[in-house]
There are 2 protein chains.
Amino acid sequence: MTTPSKTELQYTGKAKNVYGTTDPDLVWIEFTDGATAFNGVKRAQVRDKGEVNARLSAIIFERLDASGVPTHLASTPSPTVHICHRVQIIPVEVVVRNIAAGSLSKRLGIAEGTALDRPLVEFFYKSDALDDPLVNDDHALLFGWAQAWELAYLRHAALEVNDFLRAFWDEFDLTLVDFKLEFGRALAPDRRGQILLADEITPDGSRLWEKGTQRRFDKDVFRRDLGDLGDTYRELFRRVFGQRLHAG
Amino acid sequence: MTTPSKTELQYTGKAKNVYGTTDPDLVWIEFTDGATAFNGVKRAQVRDKGEVNARLSAIIFERLDASGVPTHLASTPSPTVHICHRVQIIPVEVVVRNIAAGSLSKRLGIAEGTALDRPLVEFFYKSDALDDPLVNDDHALLFGWAQAWELAYLRHAALEVNDFLRAFWDEFDLTLVDFKLEFGRALAPDRRGQILLADEITPDGSRLWEKGTQRRFDKDVFRRDLGDLGDTYRELFRRVFGQRLHAG
């Protein structure tokens, strides 16, 4: 595949900008250094965050693709860019939890750190205006956010991704507490009916606790002022890639 | 059945007190005039409320029983008392909605009064301390609140009750907007495995809007200070029973 060129800006996100490309079926996603928490109330610029997230998400998406979970990632022309198959994002965010933390602990009164007997899957309606409320299958079906088979696929794929990610992070001495996924319907005519894992898998939308120390290697460092987020992400990069970010 | 006698107070609720009886498989439930809203933050005593609710819930439960939905109601020895089969309450409250209102409107940004294409079923974890949070099937299964077959039954029975109640209230020129149900596992040995509709069906846990005027005939009158709750409930009684509460 020849790399298409970037065209007009189509969408500005909290930590990514999305552009069109010269190929109508592909988009150009640039990871930025923006950090936000509490639905955009807390904001910062964190040097290297875009690159760490882009490279982590790329290696994870490539391995997931190879292990049978199709993703939107087509190629990575530079360290902060993902060229992706164009999708229509399904407005149902999928969260998988192995250990109680964050909103689950608050909502159901379960002490943070409580191991769950098996992975828990939650759906949230993707809406900044409503602060991404928890929903059930019936909401998604009734309000037309997804079809029943799509919800079944989301749940299945999310649990597959969980199995993969637990093993992936385990190798770096990290416990996968929980993570968020987004999926999209592929829009290219020859991919009709395909649901692709989209967005990103990064420590922005995951909780990663170092085994033993419980040190946080995720955006909770920023949310809860536990240290320097840039240092944390660069250290995570070093562990995964076996070298410093700007080494060489 | 001989009516058993009331024994010790076992539980004091917001609008009901539960006593034991001389029959270990039966409980004695007294409807009181207590009114609460916002998880007990707003409170009042409303004359006749206990009797209106007890008599409305009794006629509805009797008809549901006759039409194939088993309930906990065994007999009504006095106007404010239900003698009921002892159950273990399933801590999953079931809400059925035909029209958007209340927490659904707030949570998902759907204008109050929006008709839903079909009835929506929601489960809430019964916990005053947590303010009855919305949950999905997976929460209920993982945390052991109910089995999968029980959730399937709850959903099925709730939709049956909805069909019945829509027709019931329609006869009195009222639109059933939404309502809450509780279910319990029958504890008598000869009723093992039976799930009984429990608690009550009253305007405390339902929304009833008069056709045309949209006048509220439910606890929203109290929650939102729309008028006198006692007058409202007495008027509802008059419509359903065709006579004034203390007539004759």
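The values are calculated or read from the model by the stated rules, or taken from the named source; none is laboratory data. Source: prediction; values computed, not measured. Methodologically, a virtual Cβ is constructed for each residue, glycine included, from the backbone with ideal geometry; neighbour enumeration extends over all protein chains shown. The area values use the complete protein model at the heavy-atom level, side chains included, leaving out ligands, DNA and RNA. Shrake-Rupley method; radii C 1.70, N 1.55, O 1.52, S 1.80 Å.
Annotations
- Using a 1.4 angstrom probe on protein heavy atoms only, the contact between B and A buries about 2000 square angstrom of accessible area, both sides summed.
- Copy-to-copy label separations for A:ARG223, where each label sits 7 Å from Cα toward Cβ, in nm and ascending: 2.9
- Residues whose amide H comes within less than 5 Å of that of B:LYS16, counting only those at least five positions distant or on another chain, are B:THR32 (H built at 1.01 Å from N in the peptide plane).
- In this structure the amide hydrogen of B:THR175, modeled in the peptide plane, comes within under 5 Å of the amide hydrogens of B:TRP209, B:GLU210, B:LYS211, none closer than 5 places in sequence on its chain.
- Coupling constants for the stretch B:34-50 follow from the phi torsions by the Karplus curve (6.51 cos²θ - 1.76 cosθ + 1.60, θ = phi - 60°), and in residue order they are x, 10, 9, 8, 6, 6, x, 5, 9, 9, 7, 9, 10, 3, 6, 4, x Hz; glycine and proline get x.
- Take each residue of peptide A:189-199, count the partner chain Cβ atoms within 10 Å of its Cβ, and average: the result is 0.
- Across the stretch B:18-33, rounded Karplus estimates of 3J(HN,Hα) from the backbone phi angles (6.51 cos²θ - 1.76 cosθ + 1.60, θ = phi - 60°) give 10, 10, x, 9, 5, 9, x, 8, 10, 10, 10, 10, 9, 7, 9, 8 Hz, Gly and Pro being marked x.
- Subtracting the Cα-Cα distance of B:LEU9 and B:THR213 from 0.36 nm times their residue separation leaves 69.2 nm of extension gain.
- Computed over the stretch B:154-245, the alpha-carbon pair-distance distribution with 5 angstrom bins reads 3, 13, 20, 21, 17, 11, 8, 5, 2, 0, each value a whole percent.
- Shown here: the stretch A:90-228, whose C-alpha atoms stretch 48, 31, 31 Å along the first, second and third principal axes, sorted largest to smallest.
- Fraction of the pair-distance distribution of the stretch B:25-132 above 22 Å, Cα-Cα pairs, percent: 51
- Average partner coverage of B:134-140, which counts Cβ from other chains inside 10 Å: 6
- For the stretch A:69-81, 3J(HN,Hα) per residue [Karplus equation, 6.51 cos²θ - 1.76 cosθ + 1.60, θ = phi - 60°, Hz, x = Gly/Pro]: 10, x, 10, 7, 6, 9, 6, 10, x, 8, x, 10, 10
- Placing a label point 7 Å from Cα along the Cα-to-Cβ axis, B:ILE110 is separated from the same position in the other copies by 2.7 nm, shortest listed first.
- Between B:ALA111 and A:LEU187, the simple spin-label model (points 7 angstrom out along Cα→Cβ) gives 2.9 nm.
- Radius ratio Rg over Rh of the protein assembly as shown, counting only Cα atoms, Kirkwood formula for Rh: 1.06
- Take each peptide in B:89-99, A:126-136, B:68-78, count the other Cβ atoms within 10 Å of every residue, and average; sorted highest first, the result is B:89-99, B:68-78, A:126-136.
- Rg to Rh, two decimals, where the stretch A:6-87 supplies the alpha carbon set and Rh follows Kirkwood: 0.99
- Its residue count N fixes a reference of 2.2 N^0.38 Å for chain A, and the Cα radius of gyration divided by that reference is 0.98.
- Calculated [θ] (222 nm, deg cm²/dmol) that DSSP helices of n ≥ 4 give over chain B, each run adding -39,500 (n - 2.57): -9000 deg cm²/dmol
- Chain A Cβ-axis minimum, rotational copy B, residue and distance in Å: A:ASN136, 2
- Using a 7 Å projection from Cα along Cα-to-Cβ, the label point at A:TRP149 is separated from the same position in the remaining copies by 3.0 nm, smallest value first.
- Once the 1.4 Å probe is applied to the protein heavy atoms, the stretch A:6-87 comes out at 43 Å² accessible per residue.
- For the segment B:220-227, counting C-beta atoms of other chains within 10 Å of every residue's C-beta and taking the mean gives 0.
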